[in-house]
Amino acid sequence: MNDTLIKLFRFLSNVFATYAITLALIHFNTANPRKIGKKTFIISVILLVISPVLALFKYGVYIQISFILVLCLFSSIHYGFSERLNLFWLFESMVIVLLTGMMLLDNLQLYFSDNFYTYGLEGMCAVSIIGFFISIYVNYVIQQSLLVKSNIINEEKLKKLQTSVLKNQINPHFIFNALANVKGTYAEDISKGNKSIDILSSYLRTYLSSDEIYIVPFDKEMEVIENYLAIINLKFNEPFNIIYNIDVSDFDIVFFGLQPFIENAIKYSNIRNKEDGQIVISTKEEDDAYVVEVSDNGEGFDTEEIGDNSYGIINTVERFKLLQNASVKIRSKKGEGCTITIRIPKKQ
Amino acid sequence: MNIIIVDDEIEALHTFLDELLLESKLSLTYQFFKNDMNAILSYIKKEKVDGAFLDINMHNFTGVELAEKILEISPKTKIVFVTGFNFNLEQVEERIKKSVLGVIEKPVDIIKLERYLYQLANQAITMKVVVFPTFDCYINDRLIVFSSQKSKELFAYLFVRHGKSVTMEEVITILWPDKPLEKSKILYRDAVWRLRQTLKENEFECVIFSRALLVLDSTNIISEYYDIIAGKKKYKGQAFLISYEWSIYYESALKDKYS
């Protein structure tokens with residue numbers, strides 16, 4: 001009875017030690033501790049299952065130990081000589097090799113002499129677990145420095161995107177057309193003409209000063225859109241039919257994030273020629289995000305055909321992702337209008 | 001009230017001020033100056049100046065430098081900076097900032113200019129609301145144009161409720177009695193948004209907008225209707241808010257209580 005208990009205890013400790021070592025190895029083999037690579041996962045499952053079982057057999061323990069040692073070696077080559085070499089990792093790998101060496105000795109003695117007490121095995125388990133937590137901390141430090149690096153890259157990317165937004169928007173055609181419309185408005189009514197000049201200068205002021213501004217309150221973005229619409233409407237006797245289904249407005253949004261979608265709806269939906277044609281701008285608040293939608297019931301388009309012309313849209317979607325981690329979904333079918341849904345997650 | 005205007009391109013402000021003064025009820029005297037520092041400072045030494053509209057980008061010196069010199073001589077003068085583009089008030093020193101009312105951008109928006117002039121004169125801008133026979137609002141005799149009929153009707157309803165708060169459901173039953181609820185909620189939000197923008201544009205934000213309620217702050221609103229309700233005048237049976245069907249209830253209240 002006693003014998004079986006001891007054997008059971010050894011078996012369980014063995015499983016535990018193997019598990020701890022496996023976790024440490026998985027950790028070393030992945031950049032993000034939460035993301036486990038497929039290969040590593042498969043190997044760790046094999047290890048977890050086969051290896052403790054092997055230890056039950058007389059010479060199986062050799063296979064188990066060799067298996068683990070080979071993995072350690074593989075891990076040290078892969079991780080140690082890849083982009084990030086750090087001293088803590090080296091220390092960890094040495095400890096693991098030592099650990100497994102001690103386990104080898106311990107197991108040998110266990111199986112060849114039942115009188116030996118398994119201090120070593122318990123010790124190894126403890127070191128393994130402590131080591132695991134140390135490596136998590138080390139990895140955190142590595143991740144932070146990687147984050148800083150990627151922030152710098154993101155900022156450069158953002159600057160590039162922002163510049164092209166501006167270039168795209170201060171479109172000479174738009175400006176000169178607008179000026180022509182302003183001139184025309186004066187023929188109607190002087191105060192209307194004055195008002196249209198105010199609108200145009202407000203529009204220009206916004207674009208020209210938007211260099212360093214990436215995110216604005218929703219109200220400010222709506223100012224941009226209303227200015228834009230006011231200029232477009234100068235051409236027509238009847239303004240575009242826009243419905244502001246605004247349920248919430250105290251949140252922030254990417255500057256010129258919404259405007260390109262409105263511009264697209266105006267240009268391509270052809271709602272002026274449709275009875276009850278309208279563009280609806282909606283906002284609502286959900287538990288974890290603010291949802292902004294631009295939808296029209298116009299001509300729609302085949303989403304497969306989004307090609308080079310929609311550089312402005314691709315640029316905008318990129319900026320939403322980079323600046324607010326926001327997702328943009330474009331749903332449209334020919335003849336069924338178009339709906340753009342922007343989900344802006346709330347900051348924790 | 002006496003103001004000075006300094007700009008090395010004087011025509012810009014000239015036209016606006018002329019237009020404004022034709023309509024304005026403020027008794028205002030004004031003096032134009034080009035960027036001649038000596039002329040300006042000697043004028044300030046002789047005459048009392050309540051407000052100074054100073055261009056920022058001038059040839060010999062900036063508007064901020066001029067402001068500093070003016071305040072040395074006349075510390076009670078209030079300053080308004082006029083800028084073409086990209087002037088940040090934050091970069092001005094605290095001791096000057098205290099006397100600055102704000103910044104106007106060129107081309108000058110008449111509504112903003114009016115707001116500063118009224119501020120200088122320590123007078124509140126008032127809105128005049130006419131209800132007999134139709135609903136119209138005026139600020140300084142300038143008709144307010146609402147961007148949609150329903151947003152105007154919403155304002156009329158808030159006006160008639162006279163400071164009592166109003167809920168979305170209430171407004172929907174009054175303004176869209178025949179539409180299905182979901183559709184009317186969208187139209188309600190549209191009307192609320194449009195009203196908010198119109199009041200913002202006209203620098204007369206007299207409505208408190210919250211998600212559940214709307215309330216009108218009638219402090220600076222003048223109207224014959226309010227006089228009648230307050231008992232200062234009698235209702236003489238005039239046609240009342242004829243464009244809105246819901247006015248019937250309020251009209252009969254007028255007849256019963258205030259004739």
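Brief remarks on what is shown
- Conditions (1) farther than 22 Å from B:Thr134 by Cβ; (2) surrounded by fewer than 16 Cβ atoms within 10 Å (Cβ to Cβ); (3) touching a helix residue (DSSP H, G or I) at 6+ places or on another chain (Cβ under 9 Å); (4) away from every other protein chain (no Cβ under 14 Å); number of the one not met by B:Gly237: (1)
- Evaluating B:Leu143 against the criteria (1) surrounded by 17 or more Cβ atoms within 10 Å (Cβ to Cβ); (2) closer than 22 Å to B:Leu241 by Cα; (3) within 12 Å of chain A (Cβ to nearest Cβ) leaves one unmet condition, (1).
- Among the residues here, B:Tyr226 does not qualify as among the aromatic types (Phe, Trp, Tyr) and part of a loop (DSSP other than H, G, I, E, B).
- Taking each residue of the range B:94-113 that is farther than 24 Å from B:Ala124 by Cβ and looking for partners that are assigned to a loop (DSSP other than H, G, I, E, B) and open to solvent by 10 Å² or more (accessible area, probe 1.4 Å) with beta-carbon atoms closer than 7 Å, six or more apart or interchain, yields B:Lys106/B:Gly84.
- The condition (being in a helix (DSSP H, G or I) and surrounded by fewer than 16 Cβ atoms within 10 Å (Cβ to Cβ)) is satisfied by just one residue among A:Lys321, A:Lys329, A:Lys284: A:Lys321.
- Looking only at the range A:223-250, residues that are farther than 19 Å from A:Ser196 by Cβ and under 33 Å from the mean Cα position of the chain (by Cα) come to 8 in all.
Yes or no, residue by residue, for (1) over 30 Å from B:Lys255 (Cα atoms); (2) within 13 Å of another protein chain (Cβ to nearest Cβ); (3) part of a strand (DSSP E or B); (4) not aromatic (Phe, Trp, Tyr):
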| position | (1), (2), (3), (4) |
| --- | --- |
| B:Phe85 | yes, yes, no, no |
| B:Arg95 | yes, no, no, yes |
| B:Glu114 | yes, no, no, yes |
| B:Cys137 | no, no, yes, yes |
| B:Glu170 | no, no, no, yes |
| B:Ser184 | yes, yes, no, yes |
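- Every residue from the range B:116-135 that is surrounded by fewer than 18 Cβ atoms within 10 Å (Cβ to Cβ) and either within 14 Å of chain A (Cβ to nearest Cβ) or among the hydroxyl-bearing types (Ser, Thr, Tyr) (or both): B:Thr126, B:Thr134
- Residue check for B:Phe159: open to solvent by less than 60 Å² (accessible area, probe 1.4 Å) and not in a loop (DSSP other than H, G, I, E, B): yes
- Applying the condition of being within 10 Å of chain B (Cβ to nearest Cβ) and in contact (Cβ under 8 Å) with a residue 12 or more places away in the chain to the range A:216-229 and asking which residue is most open to solvent (accessible area, probe 1.4 Å) yields A:Glu223.
Each row is one residue, and each column tells you yes or no for (1) modelled with pLDDT under 90; (2) more than 22 Å from B:Pro107 (Cα to Cα).
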| residue | (1), (2) |
| --- | --- |
| B:Asp8 | yes, no |
| B:Leu13 | yes, no |
| B:Glu23 | yes, no |
| B:Lys34 | yes, no |
| B:Met37 | no, yes |
| B:Tyr43 | no, yes |
| B:Gly51 | no, no |
| B:Ile70 | no, yes |
| B:Ile79 | no, no |
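- Meets criteria (closer than 30 Å to B:Asp109 by Cα, crowded, with 17+ Cβ neighbours inside 10 Å and among the charged types (D, E, K, R)) for B:Asp217: no
- Considering the range B:162-174, the residues that are open to solvent by 10 Å² or more (accessible area, probe 1.4 Å) and touching a residue at least 24 places away in the same chain (Cβ under 8 Å) include one that is nearest to A:Ile281 (Cα to Cα), namely B:Met168.
- Restricting attention to the range B:97-112, the residues that are outside any helix (DSSP H, G or I) and either under 20 Å from B:Leu20 (Cβ atoms) or open to solvent by 50 Å² or more (accessible area, probe 1.4 Å) (or both) total 10.
- The residue of the range A:230-272 that is nearest to B:Leu187 (Cα to Cα), among those that are of a type in the set (Phe, Trp, Tyr), assigned to a loop (DSSP other than H, G, I, E, B) and more than 14 Å from chain B (Cβ to nearest Cβ), is A:Phe236.
- Sole exception among (1) buried (at least 17 other Cβ atoms within 10 Å of the Cβ); (2) within 14 Å of another protein chain (Cβ to nearest Cβ); (3) closer than 30 Å to B:Gln123 by Cβ for B:Trp193, by number: (3)
- Number of positions in the range A:191-215 that are at pLDDT below 80 and open to solvent by less than 50 Å² (accessible area, probe 1.4 Å): 3
- Residue in the range B:97-112 that is farthest from the other protein chains (Cβ to nearest Cβ), counting only those that are β-branched (Val, Ile, Thr) and either in contact with a strand residue (DSSP E or B) (Cβ under 6 Å, 6 or more places away or on another chain) or at positive phi (or both): B:Val100
The values are calculated or read from the model by the stated rules, or taken from the named source; none is laboratory data. Note that this is a predicted model, so its numbers are computed, not measured. Note: ideal-geometry Cβ built from the backbone for every residue, glycine included; neighbour counts use all protein chains shown. Ligands, DNA and RNA are stripped out before the accessible areas are found, and what is left, the full protein with its side chains, is counted by its heavy atoms. Shrake-Rupley method; radii C 1.70, N 1.55, O 1.52, S 1.80 Å.
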